[in-house]
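Pasting a structure here, questions to come.
The values are calculated or read from the model by the stated rules, or taken from the named source; none is laboratory data. Keep in mind that what you see is a predicted model, and the values were worked out from it rather than measured. Glycine gets a Cβ as well: all are built from the backbone with ideal geometry, and neighbour counts include every protein chain shown. Just the protein is used for accessible areas: all its heavy atoms, side chains included, with ligands, DNA and RNA removed. Shrake-Rupley method; radii C 1.70, N 1.55, O 1.52, S 1.80 Å.
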Amino acid sequence: MKAKFIIPAAAVLILLAACKGKSSRDYEFLSRSKSTSSAADSISSSDTNKVAEKLVKTAEINFKVKNVRKAEEDIAALTTQYKGMVMHHQVQSTTGSTRDVHISDDSLMRIASFNTNGEMMVRVPSENLEEYMTRVSHMGIYVNMSKMDIDDRSLDYLSNRLKLKDREELVAQQRTGKIKIKNPADVLLLKDDMIDQKIGNLRTDAAVKYSVISLSFYQSDAIVKEVIANDDPSVYNIPLFQRLYLALVNGWSLFADLFIGLLNLWVFILFGLGFWWAIAVYRKRTNLPKAPAA
């Protein structure tokens with residue numbers, strides 16, 4: 001009887017001990033993972049506090065001016081004054097309706113309407129963006145649209161920096177032999193990612209330092225009058241008296257050519273005259289009156 005009770009009791013004790021050990025191991029693993037997560041959070045918080053705000057400003061203005069080319073020159077001079085740079089500029093004129101007025105046989109006055117617009121993209125220091133936009137707006141007759149956007153890239157900048165830091169540590173451990181990367185292509189990809197993250201942060205720094213402004217401006221339609229040569233050959237002719245003289249000369253020339261042509265046919269003319277004479281003689285003889293009978 002004692003043996004029957006002892007064996008089940010021993011089995012229960014062994015099972016409880018196993019469950020207790022498993023519970024303690026699970027708790028230890030969870031505690032370790034929790035402490036690791038807290039450390040990562042503390043690192044992220046400290047790094048976030050160290051990173052300055054990365055605010056990228058962009059702006060856009062659309063306005064009407066009196067003269068597009070003059071406005072383009074003034075904007076370029078203002079950009080240089082603010083130690084900025086003109087990154088793109090374009091002036092385009094589009095012809096509308098046209099009309100040609102005949103002022104002589106060989107000349108036309110072409111009257112055309114056209115509209116001109118300009119586009120520029122400039123880069124100026126971010127601290128002068130608002131002042132620069134105000135001065136540009138005053139160059140126009142009125143402003144159709146003006147806007148400014150601010151993009152906060154602080155977290156993106158921090159993300160690139162932390163990823164770069166992790167990759168640098170991994171490369172350092174690979175060089176010391178603590179970590180072995182079997183495929184050399186993986187090392188190259190890792191280094192390429194490090195370069196991309198460095199360049200990405202450099203671009204962000206440049207965008208924070210200098211703001212990009214897109215400018216589009218236009219003027220009222222203009223009329224242009226231009227005297228041009230008539231490109232229709234049928235309207236070109238000589239003066240009247242000269243045409244009469246040429247007509248007389250051409251008529252005499254045609255008569256002379258006809259006369260000479262007839263002379264070339266003298267044989268046929270002579271033959272025709274002889275044939276006509278023979279017929280006339282024959283008719284004269286046949287038409288003679290008959291003598292009266294005795």
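Name the pairs whose Cβ atoms lie under 7 Å apart, with the first residue in the range 229-240 and within 14 Å of MET109 (Cα to Cα) and modelled with pLDDT of 75 or more, the second among the hydrophobic types (A, V, I, L, M, F, W, C) and open to solvent by less than 100 Å² (accessible area, probe 1.4 Å), and 6 or more positions between them or separate chains?
Close Cβ pairs satisfying both conditions: ASN230/LEU108.
Another one. Pick from ALA256, ALA206: which is closer than 30 Å to ARG153 by Cβ, without any contact (Cβ under 8 Å) to a residue 12 or more places away in the chain, open to solvent by less than 60 Å² (accessible area, probe 1.4 Å) and not acidic (Asp, Glu)?
Details: ALA256 fails: closer than 30 Å to ARG153 by Cβ.
Going through ALA256, ALA206 in turn, the sole match is ALA206.
Name the pairs whose Cβ atoms lie under 6 Å apart, with the first residue in the range 188-201 and free of Cβ contacts under 8 Å to residues at least 60 places away in the same chain, the second among the charged types (D, E, K, R) and assigned to a helix (DSSP H, G or I), and 6 or more positions between them or separate chains?
LEU190/ARG167; MET194/ARG167; GLN197/LYS163
Here's something else I'd like to know. Of (1) in a loop (DSSP other than H, G, I, E, B); (2) farther than 30 Å from HIS88 by Cβ, LYS225 satisfies all except one. Which?
Exception for LYS225: condition (1).
Would you pick out the residues in the range 139-180 that are farther than 20 Å from ARG203 by Cβ and in a loop (DSSP other than H, G, I, E, B)?
MET139, GLY140, ILE141, GLY177, LYS178, ILE179, LYS180
Here's a follow-up. Among LYS147, LYS182, LYS163, which is the only one that is open to solvent by 90 Å² or more (accessible area, probe 1.4 Å), modelled with pLDDT of 85 or more and more than 27 Å from ILE213 (Cα to Cα)?
LYS163
Now for a different question. So which residues in the range 243-272 are assigned to a helix (DSSP H, G or I) and either β-branched (Val, Ile, Thr) or at pLDDT below 80 (or both), if there are any at all? Give the derivation first.
To start, the set of residues in the range 243-272 that are assigned to a helix (DSSP H, G or I) comprises 243-263, 266-272.
Answer for the range 243-272, where residues must be assigned to a helix (DSSP H, G or I) and either β-branched (Val, Ile, Thr) or at pLDDT below 80 (or both): ARG243, VAL249, ILE260, LEU262, LEU263, TRP266, VAL267, ILE269.
What's the number of the condition ALA52 fails, among (1) surrounded by 14 or more Cβ atoms within 10 Å (Cβ to Cβ); (2) in contact (Cβ under 8 Å) with a residue 40 or more places away in the chain; (3) among the aliphatic types (A, V, I, L, M)?
(1)
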